[in-house]
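Below: the structure, in structure tokens.
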Amino acid sequence: MPIKTFFKKMYFSNIILGLLLSFSSFSLLANEEAVAHDTTQAHADTAAHAAAPAAHEAESTKFDPGKLILHHIADEHDWHFFTIGHFHATLPLPCIVYTASQGVQIFSSSNFKNEHHEEIPYNGFVLEHGKIHAENGEKVYDFSITKNVASLLVSAVLLLTIFIGIGKRYKENPHRAPKGIQSMFEPIIIFVRDEIAKNNIGEKHYRRFMPYLLTVFFFIWFNNMLGLVPGGANLTGNIAVTLVLAIIAFFVTNFNGRSTYWTHIFAMPGVPKWMLVILTPVEIVGIFMKPFSLMVRLFANITAGHIILLSLVSLIFIFENAALGLAVVPFSLFMNVIELIVAFIQAFIFTMLVSTYIGAAVEEHHH
Amino acid sequence: MELITPDFGLIFWQLLVFGILFFLLAKFAWKPIIQSLAEREQSIDEAIKLSETTRAEMAELKAGNEQLIASARAERDALIKQAKEASDAMIAQAKLDAQTAANQEIEKARVAFEQEKASAVAAIRKEAATLSLDLAEKVLKSQLKDKAAQEKLVTEWMADVKLS
């Protein structure tokens, strides 16, 4: 089984991964409390905001790490880079909303802020906790170019520029040794082909899945790394993105299922008939569990990484002690490097698991 | 909870962008990359195989050459040997021929000599007979004055002649 040998080989990084996961579950637990706290805080905020701006100022000076972290890992309608005093370096993004009564409306997200950087309603819409609601309570379909969508588009442009450029070089001189950026990506492409696709899908079928696997691999890897750039969006740590990736993996796997695959699900060979009553439901749940695990794994790992880094930096502000930076900065640097590795490993694991699922689906009967 | 609630808009954009990305990358990047990687690997493979077969052919050729040289050498040796044998045989034959010729000549000479000798002996005998007849005539002339003696003598001689 190639997956076993893989895990044997990679046991060290697996330990790191395990540590990270335990970290992340811990941090997520901590954040559940933070969220609960955050909502009460927010209600208090809006109340204070309505009452007196001065009181709000006093309230917001108190540092709340839970709110900060959730704000950073969540999606938003403008791309906020940094704030110095009253200067907010923010890139307003287009809002595209559809309501049954007003139809499609496109406007800038900057309309939701007044000159004092306070949230105001615009054209019958309000922005509340990063979500657009209609003031009349109508259902709003929000197709806005949010921070994550903008980051998605940036990564798409980046991927297209790099790989179509490389593809052109291959087309022009296919038999020459790789050069420049081509030689940087060629070993990775060969790695995906030989270690991921060929090992798990098999010599006979791997070729037609290569475009999908390469796209998934580089999409996840690039977006993981873009998420680590200061000010970057937490795209692959967003459940909607991993959901779509998992759904695509689900369809690719099951549309390519052959008779052996379906027999193993509905009539596992070599087990007593009465056992199938238990086994078949388990296998059917398994069909959906596999992509579900893909979705949660990527989401949790990347979000956890962001939470850890932000928590570490928050320590300085929680204790209001700059000297803590001496300990926190090297450690967050260490974590950042780990996150760079995780960015690659998660892309690798996602692609490899998808290819093992595809491998099981296209496997031909050979007992 | 907000963290694990998928956002409808983002699902839409992700599907759209990923779909387009997949389509464009598959057509303009992965297809030429995978194809030319496979081609390059194949051409390297072929080159290695070709060099191996060439090397094997060279070795074979070398072995063939050596074999050829060895066989040529053997053939030459055989030719020389044959020629030597032929010349030896010719010399022996010539010697034999000469011997026979000489023997024949000697034989011929001997035969001739024998003939000469025989004819010479015959001539001498004839001469001797004539001489003895002449002598006997003279003796007889002197001794045979009477008839009786003559007859007696003639009879004796005649007997002698018969005996001899």
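Here, each number is a calculation from the coordinates, and none is a lab measurement. All figures in this text were calculated on a predicted structure; none of them were measured in a lab. Here Cβ is always computed from backbone atoms with ideal geometry, including for glycine, and neighbour counts include all displayed protein chains.
Can you compute the FRET efficiency between residue A:251 and residue B:4 using 1/(1 + (r/R0)^6), with r the Cβ-Cβ distance and R0 = 25 Å? Round to the nearest 0.05.
According to the calculation, E is roughly 0.65.
Label residue B:103 and residue A:337 with points 7 Å out from Cα along Cα→Cβ: what is the distance between them in nm?
11.5 nm
Consider just the alpha-carbon atoms of the range B:108-164 and return their Rg together with their Dmax, both in angstrom.
Expressed in Å, the Cα Rg and Dmax of the range B:108-164 come to 17.1, 56.
Stokes-Einstein D for the protein assembly as shown at 20 °C, 1.002 mPa s, Kirkwood Rh over Cα pairs, in µm²/s?
66 µm²/s
How much FRET efficiency would the formula 1/(1 + (r/R0)^6) give for residue B:128 and residue B:93, where r is the Cβ-Cβ distance and R0 is 45 Å, rounded to 0.05?
0.30
If one computes P(r) from the Cα atoms of chain B, what percent of pairs lie at distances over 27 Å?
Summing the P(r) tail past 27 Å for chain B gives 77 percent.
Using the 10 angstrom Cβ neighbour count as an exposure proxy, how do B:77, A:64 rank, fewest first?
Values: B:77 10, A:64 19.
The most exposed by this proxy come first: B:77, A:64.
Quick one: net charge around residue A:265, please, counting Lys, Arg +1 and Asp, Glu -1 for every other residue with C-beta under 15 Å from its C-beta.
Neighbourhood net charge equals 0.
At a 10 Å Cβ-Cβ cut-off, how would you order A:152, A:243, fewest neighbours first?
In order of increasing Cβ crowding within 10 Å: A:243, A:152.
How large is the convex hull of the Cα atoms of the range A:230-336 per residue, expressed in Å³ as a whole number? Write out the running numbers ahead of the final one.
Details: hull volume 16.1 nm³, N = 107.
Hull volume normalised by residue count: 151 Å³.
Which FRET efficiency value, to the nearest 0.05, is calculated for residue B:115 and residue B:86 with the Förster distance at 45 angstrom and r the Cβ-Cβ distance? Spell out each step's value before the answer.
Working: r = 43 Å, r/R0 = 0.95.
E(calc), rounded to 0.05, equals 0.60.
Per DSSP H run of at least 4 residues, take -39500 (n - 2.57); add these up for the protein assembly as shown, divide by its residues and hand me the 222 nm value, nearest 500 deg cm²/dmol.
My calculation for the protein assembly as shown gives -25500 deg cm²/dmol from helical runs alone.
Pairs to check: A:171/A:290; A:204/B:49; A:198/A:290. Give those whose C-alpha atoms are more than 28 Å from each other in this structure.
The answer is A:171/A:290.
For the range B:67-147, which trypsin sites (Lys or Arg not before Pro) are both in a DSSP coil and crowded by at most 10 other Cβ atoms within 10 Å?
For trypsin sites (Lys or Arg not before Pro) across the range B:67-147 that sit outside H, G, I, E and B with at most 10 neighbouring Cβ atoms in 10 Å, the list reads B:145.
Using the scaling law 2.2 N^0.38 Å as the reference, what is the normalised Cα Rg of the range A:83-145?
Details: Rg = 12.4 Å, N = 63, 2.2 N^0.38 = 10.6 Å.
Rg over 2.2 N^0.38 Å, computed on Cα atoms: 1.17.
Projected onto the charge dipole of chain B (+1 at Lys/Arg Cβ, -1 at Asp/Glu Cβ, origin at the Cα centre), which of B:44, B:9, B:24 gives the Cα projection farthest towards the positive end?
B:44
Compute, for the range A:189-341, the length of the dipole vector about the Cα centre, with Cβ point charges of +1 (Lys, Arg) and -1 (Asp, Glu) only. Units Debye, rounded to 20.
My answer is approximately 680 debye.
Out of the range A:100-164, which GluC sites (Glu not before Pro) are coil in DSSP terms and have no more than 14 other C-beta atoms within 10 Å?
The qualifying sites are A:115, A:118, A:135, A:138.
Could you work out the relative contact order of the range A:83-145? I mean the mean sequence separation of Cα pairs under 8 Å and 6+ apart, divided by the number of residues, in percent.
Working: 85 pairs, mean separation 21.1, N = 63.
The normalised contact order for the range A:83-145 reaches 34 percent.
What are the membrane-span-like helices in chain B by this rule: whole DSSP H runs, Cα extent along the axis at least 15 Å, mean Kyte-Doolittle hydropathy at least 1.6?
Numbers: long enough: B:8-25 (25 Å, 2.49); B:31-143 (161 Å, -0.40); B:147-163 (24 Å, -0.24).
Result, helices passing both filters: B:8-25.
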